[in-house]
């Protein structure tokens with residue numbers, strides 16, 4: 001699926017479905033927050049949430065006192081939802097509307113967080129583009145959550161790439177694995193999806 005098709009897909013999803021109608025919604029992104037907080041960052045550390053959409057991670061990071069947050073998503077509709085929800089607090093966040101495989105960073109990031117975006121990249125070229133951006137622009141840590149090998153093979157009507165601990169570690173060369181965990185995410189419609197979350201440190 002080329003960039004324009006991907007963008008159209010996600011704009012359609014976010015313009016026609018509410019948070020309780022999509023599987024990835026979390027009221028509290030507890031695992032992501034636990035991983036990010038485990039890095040013992042300065043509150044001014046640059047954090048990017050890749051594929052953040054209208055995730056509430058940014059809400060919690062702001063509440064925790066982080067001051068340098070970027071949210072990137074292919075869907076402008078998703079980002080507008082998040083901005084509307086945050087109100088004036090949205091002015092304290094950098095918002096980037098782009099496909100991650102076309103992203104041209106202008107700053108480095110201490111933390112690169114991604115829950116449930118990376119696994120939508122299914123071709124070697126897409127995956128390489130993503131990994132190269134992380135490798136070149138991350139100075140500290142990666143926190144990434146994808147469907148595990150026991151998770152779904154499709155999401156939102158799209159094929160995904162499943163990952164294991166070793167597959168993620170082999171994909172992100174140049175980063176040292178800190179920890180990996182698996183967990184079941186309960187969707188808003190009471191199905192379960194098995195995720196793997198891994199944290200890495202730049203070598």
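The values are calculated or read from the model by the stated rules, or taken from the named source; none is laboratory data. In this text, all values refer to a predicted model and were calculated from it rather than measured experimentally. Positions of Cβ are generated from backbone atoms using ideal geometry, with glycine treated the same way; all protein chains shown enter the neighbour counts.
Looking across region 14-32, the residues that are in a helix (DSSP H, G or I), surrounded by fewer than 18 Cβ atoms within 10 Å (Cβ to Cβ) and out of contact with any strand residue (DSSP E or B) (no Cβ under 7 Å at 6 or more places or on another chain) come down to 15, 16, 19, 20, 21, 30.
As a summary of the residue check, residue 174 satisfies the conditions (1) loosely packed, with under 15 Cβ neighbours inside 10 Å; (2) modelled with pLDDT of 95 or more; (3) in contact with a helix residue (DSSP H, G or I) (Cβ under 7 Å, 6 or more places away or on another chain) except for the one numbered (2). Taking region 33-60 as the range and being out of contact with any strand residue (DSSP E or B) (no Cβ under 8 Å at 6 or more places or on another chain), more than 11 Å from residue 113 (Cα to Cα), in contact (Cβ under 8 Å) with a residue 12 or more places away in the chain and not in a loop (DSSP other than H, G, I, E, B) as the test, the residues that pass are 37, 59, 60.
With respect to the conditions (1) farther than 21 Å from residue 139 by Cβ; (2) outside any loop (DSSP other than H, G, I, E, B); (3) in contact with a helix residue (DSSP H, G or I) (Cβ under 9 Å, 6 or more places away or on another chain); (4) touching a residue at least 12 places away in the same chain (Cβ under 8 Å), residue 80 falls short on a single one, namely (4).
When residue 124 is tested against (1) within 26 Å of residue 185 (Cβ to Cβ); (2) out of contact with any strand residue (DSSP E or B) (no Cβ under 7 Å at 6 or more places or on another chain), only condition (1) is not met. Quick one: would you say residue 144 is buried (at least 18 other Cβ atoms within 10 Å of the Cβ), within 22 Å of residue 11 (Cα to Cα) and touching a strand residue (DSSP E or B) at 6+ places or on another chain (Cβ under 6 Å)? For residue 144, the condition - buried (at least 18 other Cβ atoms within 10 Å of the Cβ), within 22 Å of residue 11 (Cα to Cα) and touching a strand residue (DSSP E or B) at 6+ places or on another chain (Cβ under 6 Å) - is not met. Could you look through region 86-101, keep only residues that are in contact with a helix residue (DSSP H, G or I) (Cβ under 6 Å, 6 or more places away or on another chain) and surrounded by fewer than 17 Cβ atoms within 10 Å (Cβ to Cβ), and pick out the one that is nearest to residue 70 (Cα to Cα)? So, considering only residues that are in contact with a helix residue (DSSP H, G or I) (Cβ under 6 Å, 6 or more places away or on another chain) and surrounded by fewer than 17 Cβ atoms within 10 Å (Cβ to Cβ), the one nearest to residue 70 (Cα to Cα) is 97.
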